[in-house]
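Below is one structure, written out as structure tokens, with a few remarks after it.
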Amino acid sequence: MNSVRHQILMTAEWISDYAQSIEAPVQTTNGNLIAPSTMPIIFWQAFEIPWLSKGEPLLHGTQKFSYQAPITAGMTLDCELALTSKVQKDGRQGKLTFYTHTLVCKCEGELIVTAETVLIRVGDDHDEKMHNC
């Protein structure tokens, strides 16, 4: 399906700000701040996502994270966000479209985290507004 790539530099300030925003304790390893486990969800802000129309409301379905190593300050992450599934179903409010996304982030070629997120669009007219899908 579709995918986009972006490189993300993890700074101590960014990790600290995110941890504070979700009221999570800041942890360290080898003197480096560790990003809270849900932080990859905000990496989406760095991507231009052509298959999702900007400004259209989406519901957050599910998310899950699988870590091979912690994300720490100073890492440069090579991330790829992919649309891995698009499924339409009939709901009480009309058509529901479920978009399953997988975000894979590596550092120096080593897998760090995989995150899966499902977003839901409600309504019948969204297919005309989709790009590259």
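The values are calculated or read from the model by the stated rules, or taken from the named source; none is laboratory data. Every value quoted in this text rests on a predicted model; they were computed, and no experiment measured them. No Cβ is skipped: glycine too gets one built from the backbone with ideal geometry, and neighbour counts run over all protein chains shown.
Here is how the numbers come out for the structure above:
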item: Exclusive hit being closer than 13 Å to LEU103 by Cα, modelled with pLDDT under 95 and of a type in the set (A, V, I, L, M, F, W, C), set ILE41, ILE8; result: ILE41
item: Which listed residue, of GLU110, GLU23, GLU116, is at pLDDT 95 or above and at positive phi; result: GLU23
item: Residue in the stretch 71-104 that is surrounded by the fewest Cβ atoms within 10 Å (Cβ to Cβ), counting only those that are over 27 Å from PRO57 (Cβ atoms) and of a type outside the set (Ser, Thr, Tyr); result: GLY74
item: Within the stretch 2-46, tally of residues that are among the hydrophobic types (A, V, I, L, M, F, W, C), exposed (fewer than 14 other Cβ atoms within 10 Å of the Cβ) and in contact (Cβ under 8 Å) with a residue 60 or more places away in the chain; result: 1
item: Any hit, the stretch 113-122, residues being acidic (Asp, Glu), in a strand (DSSP E or B) and under 25 Å from GLN7 (Cβ atoms); result: yes
item: Residue within the stretch 48-62 that is surrounded by 13 or more Cβ atoms within 10 Å (Cβ to Cβ), at pLDDT below 95 and more than 16 Å from ILE120 (Cβ to Cβ) present; result: yes
